[in-house]
Amino acid sequence: MTVSEHARVEPQDREVLIEFPQPLEPVSAMRSTLITSSLASLRTRGLFERYDQLQRSPHRDMILSSVAGAWLDLEVCAAHYRACDALGLDRDEQIDIGKDVSKRIHETFLRTILSAARGIGLTPWVLLRRSDSVQTRLNRGGGVRLTRLSARAARIEIAKHPLADLPYFRHGLLGIYLAAVKLLASNVSGQLLHAESQRPSERTILRIEWS
């Protein structure tokens, strides 16, 4: 699996499969499941002690006592991801943590989708077409636009997510999508289209390919 950050020219015969919701409002809250899964990955990787030293916000106790399934204000979530970003991990490890989080938060959800779709020809599009459902399940506000570029290439635009200004969070998003597509494909690769994502909190754009 490879990850590139270079922009490329996209084909013109695109098909938009999911459009942004209207009205499109900024994310204001997130499911605590994202935070608890993120903390679990940090502990597994031996990073929690460093994280805790960097976690100096007044929301520390709320973050560490969070249980899966609740809504947390974006200010609380931002305190978590700023501390994660301050760890200074390289891009690949940030992406790998995103993959860890994907496996934890999507296990039951993806199992349900795969079970329902079994026998009709499983491809990554089965999962990617549920991106808006995942988005609304995990975030209040924001939106996703999914575009089919070819039979095995997708463009994913995440809009109005203030935390996307943090490199750690952007790379984690890429890891989440890579892990999901990897369930149904091989030779999966992905990239952040930086040239088209100059204001990440307004629009972060990913490209995922597979064979």
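The values are calculated or read from the model by the stated rules, or taken from the named source; none is laboratory data. The shown structure was predicted, so the numbers you read here are calculated from the model rather than taken from an experiment. In this analysis, Cβ positions are derived from the backbone assuming ideal geometry, glycine residues included, and neighbour counts consider all displayed protein chains. These area figures cover heavy atoms from the full protein model, side chains too; ligands, DNA and RNA do not enter into them. Shrake-Rupley method; radii C 1.70, N 1.55, O 1.52, S 1.80 Å.
For region 55-71, a residue qualifies if it is surrounded by 16 or more Cβ atoms within 10 Å (Cβ to Cβ) and part of a helix (DSSP H, G or I), and the qualifying residues are MET62, ILE63.
Of GLU25, GLU93, all but one fail to be assigned to a helix (DSSP H, G or I), modelled with pLDDT of 95 or more and either among the basic types (Lys, Arg) or surrounded by fewer than 18 Cβ atoms within 10 Å (Cβ to Cβ) (or both); the exception is GLU93. Tally the residues that are of a type outside the set (Val, Ile, Thr), open to solvent by less than 30 Å² (accessible area, probe 1.4 Å) and part of a strand (DSSP E or B), restricting the search to region 127-176. Qualifying residue count, region 127-176: 9. Hey, any hits in region 36-52 for a residue that's closer than 22 Å to GLY141 by Cβ, among the β-branched types (Val, Ile, Thr) and open to solvent by less than 30 Å² (accessible area, probe 1.4 Å)? No: region 36-52 contains no residue that is closer than 22 Å to GLY141 by Cβ, among the β-branched types (Val, Ile, Thr) and open to solvent by less than 30 Å² (accessible area, probe 1.4 Å). Within region 177-191, does at least one residue satisfy the condition of being within 21 Å of ARG82 (Cβ to Cβ), modelled with pLDDT of 90 or more, open to solvent by 20 Å² or more (accessible area, probe 1.4 Å) and part of a strand (DSSP E or B)? The answer is no; no qualifying residue exists.
GLU49 falls short on exactly one of the conditions (1) assigned to a helix (DSSP H, G or I); (2) touching a Phe, Trp or Tyr at 6+ places or on another chain (Cβ under 8 Å), and that condition is (2).
When region 14-58 is filtered for residues that are under 25 Å from SER133 (Cβ atoms) and of a type in the set (D, E, K, R), the ones remaining, listed by number, are ARG14, GLU15, GLU19, GLU25, ARG31. In region 129-145, is there at least one residue being at pLDDT 95 or above and among the charged types (D, E, K, R)? Yes, the conditions are met somewhere in region 129-145. The single condition among (1) charged (D, E, K, R); (2) at pLDDT 95 or above; (3) in contact with a strand residue (DSSP E or B) (Cβ under 8 Å, 6 or more places away or on another chain); (4) open to solvent by 20 Å² or more (accessible area, probe 1.4 Å) that GLU196 does not satisfy is (2). Residues that are in contact (Cβ under 8 Å) with a residue 12 or more places away in the chain, assigned to a helix (DSSP H, G or I) and under 28 Å from LEU184 (Cα atoms) are absent from region 72-88 altogether.
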